[in-house]
Amino acid sequence: MGVVERQLEELKAECKADDEELIGKVSRGEMIETIEEMSPGYLHTLVEFMLTQHDTEIMSACSYHPAATQMAPTMDAKVSGSAVVQDEIGHANLGYRVLSDLGFDKEALMYERDPKEWRNMRVFDEPFENFAEFACGVGFYDRAGTIQIGDIEENCSFGPWKRYERKVVAEEGFHKRLGDMWFKRLGSGTDRQQETLQAAVDKMFPKAIAFLGHPEKEGKAIKRIREYSLRKGSNREHRQEWLRQVVETFDPLEVDVPAHYDEDADEYVVDLDMDWKGVYDEWKQSPGPVDHIQTVRGVA
Ligand SMILES: [Fe+2]
Ligand SMILES: [Fe+2]
């Protein structure tokens with residue numbers, strides 16, 4: 001049994017609510033504040049969902065750091081890139097503090113988990129290779145973050161999480177706008193800059209689509225998350241909003257994204273054949289963020 005499962009099993013004994021009553025309560029918009037008000041199922045779903053976000057926050061800092069700072073082309077890029085890295089560590093810390101208020105051992109979460117036990121989105125297992133990839137990271141993944149975290153800030157039934165997401169969403173908005181600014185600078189810059197951005201887009205756009213989840217076949221975890229009112233939107237709704245913003249941003253640029261607006265269907269469409277089986281296999285086979293773990297242990 002892993003570190004998270006072991007602690008979860010112990011803490012479930014403190015959950016006093018009946019599952020069906022709790023689902024009724026949160027669907028009426030009532031909030032949950034303490035572990036006693038939770039059912040074991042709610043706690044389990046909440047913790048898995050919170051770890052996915054906050055492990056992603058801290059691993060994104062590790063992925064962004066070399067590209068955002070050491071490979072930054074200008075001083076303003078380096079300063080704002082450093083600010084992004086600092087923000088991500090702060091976002092992670094907010095989540096681990098709330099988990100520790102629920103009774104989790106933060107030290108064990110940081111120092112005792114195997115690489116495979118980290119729930120971060122797999123796009124952040126490794127560093128990015130250049131500054132254009134950092135621009136795509138904040139322009140694509142942090143944009144997905146503003147939509148997904150914005151949904152939590154607006155709709156989450158767990159009060160402590162919902163409340164601090166206001167600060168996180170504001171900062172993710174800054175990261176997204178930084179991505180937009182660099183999309184414009186590189187995407188209307190020299191031939192070399194355009195080529196570098198196009199290569200980063202080609203590599204990272206499909207990963208962003210995978211990040212947003214399957215639009216039709218939502219997994220069991222997302223169904224439970226929505227049933228417990230931890231977030232409201234479907235993968236499809238989040239993906240449509242993300243595509244709208246990205247297609248509009250790239251429209252005036254010399255760099256292309258594989259997506260367009262289909263007037264007849266009144267929706268945004270991805271012009272890629274997504275190999276979802278390949279995506280799931282890659283996620284399953286990943287060894288986890290092996291190289292980032294030492295860095296995390298240095299900053300935690
Ligand atoms: Fe973040
Ligand atoms: Fe961010």
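The values are calculated or read from the model by the stated rules, or taken from the named source; none is laboratory data. Worth saying up front: this structure is predicted, and the values here are computed from it rather than measured. Positions of Cβ are generated from backbone atoms using ideal geometry, with glycine treated the same way; all protein chains shown enter the neighbour counts. Surface areas here come from the heavy atoms of the whole protein model, side chains and all, with no ligands, DNA or RNA. Shrake-Rupley method; radii C 1.70, N 1.55, O 1.52, S 1.80 Å.
Examine region 212-219 for a residue that is surrounded by 20 or more Cβ atoms within 10 Å (Cβ to Cβ), in contact with a helix residue (DSSP H, G or I) (Cβ under 9 Å, 6 or more places away or on another chain), touching a residue at least 24 places away in the same chain (Cβ under 8 Å) and not in a loop (DSSP other than H, G, I, E, B), and state whether such a residue exists.
So far as region 212-219 goes, no, none of its residues is surrounded by 20 or more Cβ atoms within 10 Å (Cβ to Cβ), in contact with a helix residue (DSSP H, G or I) (Cβ under 9 Å, 6 or more places away or on another chain), touching a residue at least 24 places away in the same chain (Cβ under 8 Å) and not in a loop (DSSP other than H, G, I, E, B).
Does D191 meet the test of being at positive phi and open to solvent by 30 Å² or more (accessible area, probe 1.4 Å)?
For D191, the condition - at positive phi and open to solvent by 30 Å² or more (accessible area, probe 1.4 Å) - is not met.
Scan region 56-81 for residues that are closer than 15 Å to P127 by Cα and away from ligand 1 (no atom under 11 Å from the Cβ) and report the count.
Total meeting the criteria: 11.
Can you name every residue in region 147-188 that is within 22 Å of D202 (Cα to Cα), open to solvent by 10 Å² or more (accessible area, probe 1.4 Å) and within 12 Å of ligand 1 (Cβ to nearest atom)?
Answer for region 147-188, where residues must be within 22 Å of D202 (Cα to Cα), open to solvent by 10 Å² or more (accessible area, probe 1.4 Å) and within 12 Å of ligand 1 (Cβ to nearest atom): just K176.
If we only count helices (runs of 4 or more DSSP H) wholly inside region 32-131, which ones have 3 or more residues that are of a type in the set (G, A, S) and open to solvent by 20 Å² or more (accessible area, probe 1.4 Å)?
The helices (runs of 4 or more DSSP H) meeting that bar are 75-102.
So which residues in region 220-242 are under 24 Å from G29 (Cβ atoms), of a type in the set (D, E, K, R) and open to solvent by 30 Å² or more (accessible area, probe 1.4 Å), if there are any at all?
K223, R224, R226, E227, K232, R236, E237, E241
For region 100-132, name all the residues that are over 15 Å from H292 (Cα atoms) and either basic (K, R) or within 16 Å of ligand 1 (Cβ to nearest atom) (or both).
K106
Within region 133-146, which residues are within 15 Å of the chain's Cα centre (by Cα), among the small types (G, A, S) and more than 12 Å from ligand 1 (Cβ to nearest atom)?
G139
Based on what the data block shows, is D251 more than 21 Å from the chain's Cα centre (by Cα), open to solvent by 80 Å² or more (accessible area, probe 1.4 Å), at pLDDT 95 or above and over 17 Å from F205 (Cα atoms)?
no
Kindly indicate which of G150, G137 is within 11 Å of ligand 2 (Cβ to nearest atom) and in a helix (DSSP H, G or I).
Only one candidate passes the filter, namely G137.
Suppose we filter E57, E107, E30, E36 for residues that are farther than 30 Å from G189 by Cβ, touching a His at 6+ places or on another chain (Cβ under 8 Å) and of a type in the set (D, E, K, R); which single one remains?
Result of the check over E57, E107, E30, E36: E57.
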